[in-house]
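Computed from the coordinates by the stated procedures, all read-outs in this text should not be read as laboratory data. Quick caveat, the model's predicted, so the values are computed rather than measured. Backbone-built Cβ (ideal geometry, glycine too); neighbour counts: all protein chains shown.
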Amino acid sequence: MLATGLKKLTGGEPEAVGEALDLVAGLDDALVHGLARMGEARAAALAAFAGALGATPLGAAAGEAAGKAAAGSAGDEHVAVLAGGRAAVLGAVHDALLDRLDGALGRARASWEERPAPAEVPENLLVAARSWLRELAIAGWRGVDHDLVSGADRVIEGLWAEPALRRLAVLLDGLAAELRASCPVATMERVPARRWADLWTRAVLLARAGSWAGAAEPVSGRLLVLGVDVHEHGTAVQAQVHGVLEPAGGEPRLVRASVAAAKVDTIVGPAVWRMLNAHPVLLTALAERRALELTDMPLTAGGDLLWHEGRARPGEAADPFATARIRLGTATAPAVPPLDRHPVRIAEPVLLEGYKSDGRTVTLDGTALEVDTGRLPSCGPLTPALVKASTACIGLVRWDGGRWLLQPLAVRATVKKAPVEAHTGDWALGPTDPKVVKAEARAGDAVAVLRERAGRLLRK
């Protein structure tokens, strides 16, 4: 990213973004207290939200849904319209922000093409899911108790048994778990209104359509890795690799490849990589900074490679910084699927060079961009100190809390007059820092211990 692009990016948010988010906040507040307890102020906020959709295809339906909600008689179809309207408003914000980012980067983006309709799924399961989600909306987050959360158990069990509804099952399972852990929500000092409303909205839309997942096309070619974003939760870990695909006979494309595994909260730091050891080809490419040769790997219209180890093999060494310098400017970014059009989903790979960093921001020709060091994973060598000492970075540009942020995936720095390069995936095959190796040896192999105990229990 050049200084001119950075200045263009940070020169204020697109028009009406703030007003759109205020409308969403009004609906979110109604969901906090419940559609059964609207009151005049919340009914007015809901009417304003519906009014903003007046010129869209949802206009008439949104007005009716707002009226029904204010009267306490909202049905499944009205709840779906409110969720759809919320997704549409946030989608418009997403599009405005992404257009600003693409313009600053000079990045071309593919247009969205409709894919074949998903396979038919059992309607009774979708009806049950919609019923529980409507109960949540009526009760509001403040009205959630253990009885209401428990009502989802049988629904989720049924969804898990249907492969085509696995996405909805995972989402409802996660939402129910968060609500159960927070019960009774009425006693919480602060409710995560935006997060729960985001999850609820996505679940309502999935419960209407069943899948939303389009078909994937097989691709072959060379995948050049830019970096890996590690998402770690107490019970799961996911490694999302960002890279440039050079398809056979085609133009370069920006893609992602994700692998995930369940874990327990005691497995942290470099040990989380061992939970992903079912993907040795991918981990080897990350640790040794190699390209990957792909054969008939499924690729979705949204730019996600559906990872199959047997369809990839390690290639030659490939410097991610060289890839970013040569290929990022010419690679076409994927279209964003309708259900993923949300500001929080923006995560675009960029290369910054020749900046100055104080650890909190990077500054290029007088223009500063805030650094999100809170996303640096503990399973790699990348630290805030290295970010502060760096002058070059491959990272993801995100939008959060009304501002643009840079999440580093790799940096080049000078430490004690010596050049240093660190990537989040450097320890994918195990830590290379002697101090970390010794610390792990003293602590013991938590993964091996847990697996041995699990095996012992199974044998009993």
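Laid out as a table, the results:
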read-out: Whole-number Å³ per residue for the convex hull built on Cα positions in segment 217-327; value: 97 Å³
read-out: Set Lys7/Lys388; Lys7/Lys417; Lys8/Lys356; Lys263/Lys438; Lys416/Lys438; Lys7/Lys356 screened for pairs whose C-alpha atoms are more than 25 Å apart; value: Lys7/Lys417
read-out: Helix axis angle, 193-209 relative to the chain longest principal axis, alpha carbon, degrees; value: 80 degrees
read-out: In segment 1-77, the GluC sites (Glu not before Pro) that fall in loop regions by DSSP, at most 10 other Cβ within 10 Å; value: Glu15
read-out: Rg to Rh, two decimals, where segment 340-423 supplies the alpha carbon set and Rh follows Kirkwood; value: 0.97
read-out: Equivalent ellipsoid dimensions for segment 113-247 as semi-axes, Å, which come from the Cα gyration tensor, largest first; value: 32, 21, 12
read-out: Charge dipole magnitude, Cβ of K and R +1, D and E -1 - segment 340-423, Cα centre, debye nearest 20; value: 200 debye
read-out: Crossing angle, helix 446-459 versus the chain [Cα axis fit, 0-90 degrees, rounded to tens]; value: 60 degrees
read-out: Neighbour-count ranking [beta-carbon atoms within 10 angstrom, fewest first] of Met297, Met188, Met38; value: Met188, Met38, Met297
read-out: Positive-end residue, the chain charge dipole about Cα centroid, Cβ charges, pick of Leu126, Leu105, Leu282; value: Leu282
read-out: In segment 121-199, the trypsin sites (Lys or Arg not before Pro) that fall in loop regions by DSSP, at most 15 other Cβ within 10 Å; value: Arg190
read-out: Ellipsoid equivalent to the chain - semi-axes via the Cα gyration tensor, in Å; value: 38, 28, 23
read-out: Förster-model FRET efficiency, 25 Å R0, Glu113 and Ala55, C-beta, rounded to 0.05; value: 0.45
read-out: In degrees, nearest ten, helix 76-105 long axis to first principal axis of the chain (Cα); value: 30 degrees
read-out: Ellipsoid equivalent to segment 297-380 - semi-axes via the Cα gyration tensor, in Å; value: 28, 19, 15
read-out: Antiparallel DSSP beta bridges within the chain, percent to nearest 5; value: 90 percent
read-out: For segment 1-106, the fraction of alpha-carbon pairs in successive 5 Å shells from zero, as %; value: 2, 13, 21, 20, 13, 9, 8, 7, 5, 2, 1
read-out: Dipole moment magnitude, nearest 20 debye, the chain about Cα centre, only Lys, Arg, Asp, Glu C-beta charged; value: 1300 debye
